[in-house]
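The values are calculated or read from the model by the stated rules, or taken from the named source; none is laboratory data. These figures come from a predicted structure and were not determined experimentally. Cβ atoms come from the backbone with ideal geometry, glycine included; neighbour counts cover every protein chain shown.
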Amino acid sequence: MTSIGRGVSQAASAIRAAGFAAVARRHLSLVVLPVLVVVSSPPAAAQRLDPISYAVRIVQPDTHLLDVDAVVPTGGRQTIELMMPVWSPGYYKVEDYAANVRDLTASTPEGAPLRIEQTEKSRWRVETRGSRSIRLSYRVFGNERTVTTNEIVADYAVLNGAPTFITLAEQARRPHDVTIGVPAGWQHAMSGLRDLGPSRFRADDYETLVDSPILAGTLDVRQFRVGGKPHYVVSVGDTTGWDAEAGVRGLQTFVEESRRFWGELPYDKYLFLIAFRPGGGGLEHRNSNLSTVVARSGPRGWASLGLLAHEYTHLYNVKRLRPVELGPFDFGNAPVTGSLWISEGVTSYYSGLLMTRAGLQSSDDYLASLSSLIGNLQNAPGRLLQSVERSSLEVWGNSNSGVSPAATTVSYYNKGNVLGVLLDARIRRQTRGRHSFDEVMRLAYERYSGARGFTPAQFREVAERIADSDLTQWFEDSVSSTKELDYTDFLEWYGLEFVPSGGKIEGNWTLRVRSDQTAAQRRNLADWLAPSTR
Ligand SMILES: [Zn+2]
């Protein structure tokens with residue numbers, strides 16, 4: 001996840017109110033879709049359970065409402081429990097999605113009303129009267145511009161799974177099918193989910209559904225292929241001022257570099273889902289990301305290439321390789337982990353590094369970005385009050401970035417990224433350039449991206465194996481304590497120094513290549529920033 005700025009929704013609401021009033025009374029005829037979506041299930045063992053089928057209709061988008069009809073199998077039980085999540089993976093904040101659910105009713109397939117009772121904020125109980133399936137009808141209000149909520153406006157909809165789909169409260173891996181009915185004038189919907197037809201999708205389980213945001217509207221769709229796999233850049237909103245060609249080329253270059261680094265593209269297709277709208281921020285998913293971007297071109301076609309590179313890198317680091325607490329998920333309870341410095345900070349380290357290795361930014365730009373990163377950390381009083389491990393553990397009671405406004409906290413994005421830089425330099429220096437943090441990440445990815453994630457000790461063990469030395473003290477000092485970080489390995493291995501600039505002496509952390517940098521140090525610096533090889 002990356003969030004940029006705060007108070008985005010307040011700033012946006014005034015624009016919305018003014019902008020969409022004009023079209024409020026525009027007549028929109030519907031593309032009529034059947035309420036029941038019948039799908040023949042493949043015989044795979046995981047799909048023996050009957051699917052829950054949702055028909056989502058966007059009738060009058062300017063009202064910010066979705067109509068949802070769901071057919072929910074009951075297994076013949078007399079009562080069933082239904083639920084909605086209270087959080088979304090990657091966004092470490094408890095949210096109240098159920099508050100936007102309206103007019104919830106349950107009935108038999110023949111239309112006889114059934115008793116439905118809200119037992120908790122995000123849970124319901126239905127008495128089925130023995131019906132093999134029930135029909136749920138409800139509406140969802142969505143007018144928020146965050147990457148975990150819904151925004152339904154006159155010309156597009158950004159839909160997320162957690163705030164949209166009520167499901168059975170169960171552990172089973174049950175398929176969930178979704179059909180999106182859009183108003184005339186809109187084209188269709190796209191998502192990382194498996195396509196069953198135009199605007200029709202299947203998720204093999206609820207977690208996949210929650211992990212797959214959907215864009216609907218008149219979509220701007222661009223495509224490139226890497227390793228034979230299709231990558232789509234799908235956007236909604238006002239693209240005026242966006243250099244699409246350069247933007248797509250930049251993403252392709254980054255994907256190619258990532259494939260070289262990680263050795264594979266672990267998906268059938270990948271979607272960059274872009275909402276061009278005020279604000280900023282992105283959220284990672286297994287084969288897509290949803291990002292809020294302003295349509296201003298930067299040097300590579302994006303003002304936000306770094307954001308998109310960060311979210312893409314997450315498909316390896318956090319969506320697959322992950323702390324043991326982060327998946328499979330319990331959507332009714334928030335998971336607590338001390339390892340977000342790896343999941344977020346090291347993700348930022350590698351997205352910045354791979355952008356440099358891919359030539360998407362110069363070495364000078366990269367060193368300048370490290371200067372401000374290190375400067376931000378070394379000027380933050382919270383670094384001496386809270387360890388980066390605690391920052392991660394306490395994120396749920398804080399804010400979704402682990403940073404409280406009271407300046408008593410440290411950012412696991414910021415310090416985690418610096419720790420990536422320092423641990424990499426330490427391993428390179430200790431092994432005289434034979435090994436690096438790159439191998440740590442690849443070995444950890446090999447071991448801990450499947451059914452089970454890593455514990456802090458397991459991640460340290462992988463690092464120690466590559467470094468061929470005991471790193472207990474380094475992890476204790478850097479991760480679990482508030483001691484000042486030691487930059488010696490970093491400065492010595494690459495031949496860098498911190499210099500005062502702009503007339504400031506104290507608190508200045510501008511990095512510069514030393515004038516007496518040796519040939520070996522020059523080589524070390526070049527090796528670090530050279531394109532990935534395996
Ligand atoms: Zn992130």
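So the values come out like this:
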read-out: Residues (among the hydrophobic types (A, V, I, L, M, F, W, C) and crowded, with 21+ Cβ neighbours inside 10 Å) located in segment 263-274; value: Leu271, Phe272, Leu273, Ile274
read-out: Criterion (assigned to a loop (DSSP other than H, G, I, E, B), surrounded by fewer than 24 Cβ atoms within 10 Å (Cβ to Cβ) and in contact (Cβ under 8 Å) with a residue 60 or more places away in the chain) met by exactly one of Gly241, Gly250, Gly279; value: Gly279
read-out: Segment 207-233 residues that are crowded, with 17+ Cβ neighbours inside 10 Å, paired with ones that are of a type in the set (D, E, K, R) and assigned to a loop (DSSP other than H, G, I, E, B) (beta carbon under 6 Å, 6 or more apart); value: Asp211/Arg286; Gly217/Asp155
read-out: Positions within segment 311-336 being within 11 Å of the ligand (Cβ to nearest atom) and more than 19 Å from Arg452 (Cβ to Cβ), in sequence order; value: Glu311, Tyr312, Thr313
read-out: Test result for Glu389, assigned to a loop (DSSP other than H, G, I, E, B) and at pLDDT 95 or above; value: no
read-out: Where Arg77 falls short, out of the listed (1) over 30 Å from Pro183 (Cβ atoms); (2) not in a loop (DSSP other than H, G, I, E, B); value: (2)
read-out: Extreme residue, nearest to the ligand (Cβ to nearest atom), among residues of segment 251-293 that are over 23 Å from Glu144 (Cβ atoms) and among the basic types (Lys, Arg); value: Arg286
read-out: Qualifying residue in segment 106-118 (condition: crowded, with 21+ Cβ neighbours inside 10 Å, in contact with a Lys or Arg (Cβ under 8 Å, 6 or more places away or on another chain) and not assigned by TED's automatic domain parsing to the domain that holds Ser404); value: yes
read-out: Hits in segment 175-196 - residues which are of a type outside the set (A, V, I, L, M), farther than 18 Å from Val236 by Cα and out of contact with any helix residue (DSSP H, G or I) (no Cβ under 7 Å at 6 or more places or on another chain); value: Asp177, Thr179, Arg194, Asp195
read-out: The lone exception for Gly301 - which of (1) within 16 Å of the ligand (Cβ to nearest atom); (2) under 20 Å from Gly280 (Cβ atoms) it fails; value: (1)
read-out: Enumeration of residues in segment 455-501 that are surrounded by fewer than 19 Cβ atoms within 10 Å (Cβ to Cβ) and on the phi > 0 side of the Ramachandran plot; value: Asp468
read-out: One residue from Val86, Val59 being assigned to a loop (DSSP other than H, G, I, E, B) and either under 28 Å from the mean Cα position of the chain (by Cα) or within 16 Å of the ligand (Cβ to nearest atom) (or both); value: Val86
read-out: Strands (runs of 3 or more DSSP E) completely within segment 92-192 that count 1 or more residues being in contact (Cβ under 8 Å) with a residue 40 or more places away in the chain; value: 101-107, 123-127, 133-141, 151-153, 156-159, 176-181, 188-191
read-out: Flag for Arg260 being in the same structural domain as Ala457 (by TED's automatic domain parsing), modelled with pLDDT of 95 or more and either surrounded by 20 or more Cβ atoms within 10 Å (Cβ to Cβ) or over 20 Å from Ile214 (Cα atoms) (or both); value: no
read-out: Answer from Gly352, Gly359 - the residue that is surrounded by fewer than 19 Cβ atoms within 10 Å (Cβ to Cβ) and assigned by TED's automatic domain parsing to the domain that holds Leu422; value: Gly359
read-out: Those residues of segment 337-353 which are of a type outside the set (S, T, N, Q) and either assigned to a loop (DSSP other than H, G, I, E, B) or more than 12 Å from the ligand (Cβ to nearest atom) (or both), in sequence order; value: Gly338, Gly352, Leu353
read-out: Residue among Val248, Val221, Val226 that is touching an Asp or Glu at 6+ places or on another chain (Cβ under 7 Å) and more than 16 Å from the ligand (Cβ to nearest atom); value: Val226
read-out: Segment 480-525, residues that are more than 15 Å from Val421 (Cα to Cα), modelled with pLDDT of 95 or more and among the small types (Gly, Ala, Ser); value: Ser480, Ser481, Ser515, Ala519, Ala520
read-out: Of the criteria (1) over 19 Å from Asn379 (Cα atoms); (2) among the hydroxyl-bearing types (Ser, Thr, Tyr); (3) within 28 Å of the chain's Cα centre (by Cα), which one Ser478 fails; value: (1)
